[in-house]
Amino acid sequence: MSLYLADSSIWIGSRRRPGSYLAVLLEERIAKREVATCVPVALEVLVGARTAGAYDEDWAFVWSELPWMPLQDRAARRALAVQRGLLGTGAGAHRHPVVDYLIAACAEDAGEGVVLWHWDADLSAICEHTGQPHESEHDRAREHGLQ
């Protein structure tokens, strides 16, 4: 069984499209305890809360129940190394959002069996560069008519 570090693109995509295959898949994976998170993902998603009450409710019913992957110092150093490595592949190839490097590094640092689950072209580029396991929703979303 894989453990999925669900990127903010999965959370936000499923919330913007309730009832979609993505929202159903996220719910199924959460029910099976296959979804984990980390501080960078939670910060990106929870910044969208409109009120303190909505934040607290989301925290109590979703985030507090998930396994958490720590953002260790070695993961932060790995994020820097990957960014530098991408720069070596071509001019501008390293210009991805900073948080994506940290999220990818958290997943990679968590070890075997952890898959970074995302719907984000920047994360695809980072994961393809590092060779780490990832599951992109780009093709499946297109098949289901989601943009």
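The values are calculated or read from the model by the stated rules, or taken from the named source; none is laboratory data. Bear in mind the structure is a predicted one, so any value in this text is a computation, not a measurement. A quick note on method: Cβ atoms are made from the backbone with ideal geometry, for glycine too, and the neighbour counts reach across all protein chains shown. Surface accessibility is based on the protein's heavy atoms, side chains included, excluding ligands, DNA and RNA. Shrake-Rupley method; radii C 1.70, N 1.55, O 1.52, S 1.80 Å.
Restricting attention to helices (runs of 4 or more DSSP H) lying wholly within the range 35-87, give those where 2 or more residues are surrounded by 14 or more Cβ atoms within 10 Å (Cβ to Cβ) and in contact with a Ser or Thr (Cβ under 6 Å, 6 or more places away or on another chain).
So the answer is 39-46.
Restricting attention to the range 88-100, which residues are part of a loop (DSSP other than H, G, I, E, B) and either closer than 21 Å to I10 by Cα or in contact with a strand residue (DSSP E or B) (Cβ under 7 Å, 6 or more places away or on another chain) (or both)?
H96, P97
Just the residues that are of a type in the set (A, V, I, L, M) and open to solvent by 40 Å² or more (accessible area, probe 1.4 Å), please, taken from the range 111-134.
A121
Does E108 qualify as being crowded, with 19+ Cβ neighbours inside 10 Å, modelled with pLDDT of 95 or more, among the charged types (D, E, K, R) and in a helix (DSSP H, G or I)?
yes
Tell me, yes or no, whether the range 135-144 has at least one residue that is open to solvent by less than 30 Å² (accessible area, probe 1.4 Å) and in a helix (DSSP H, G or I).
Looking for residues that are open to solvent by less than 30 Å² (accessible area, probe 1.4 Å) and in a helix (DSSP H, G or I), one finds at least one in the range 135-144, hence yes.
List the pairs whose first member sits in the range 10-31 and is of a type in the set (F, W, Y), whose second member is open to solvent by 80 Å² or more (accessible area, probe 1.4 Å), and whose Cβ atoms are under 7 Å apart, counting only residues at least 6 apart or on separate chains?
Once the first residue is of a type in the set (F, W, Y) and sits in the range 10-31, its partners that are open to solvent by 80 Å² or more (accessible area, probe 1.4 Å) give Y21/H144.
Quick check on A6: is it in contact (Cβ under 8 Å) with a residue 60 or more places away in the chain, more than 25 Å from L146 (Cα to Cα) and surrounded by 14 or more Cβ atoms within 10 Å (Cβ to Cβ)?
Considered against the rule, which asks whether it is in contact (Cβ under 8 Å) with a residue 60 or more places away in the chain, more than 25 Å from L146 (Cα to Cα) and surrounded by 14 or more Cβ atoms within 10 Å (Cβ to Cβ), A6 comes out as no.
I'd like to verify a number: residues in the range 100-125 that are free of Cβ contacts under 8 Å to residues at least 60 places away in the same chain and either among the polar types (S, T, N, Q) or out of contact with any Asp or Glu (no Cβ under 6 Å at 6 or more places or on another chain) (or both), how many?
Within the range 100-125, residues that are free of Cβ contacts under 8 Å to residues at least 60 places away in the same chain and either among the polar types (S, T, N, Q) or out of contact with any Asp or Glu (no Cβ under 6 Å at 6 or more places or on another chain) (or both) number 10.
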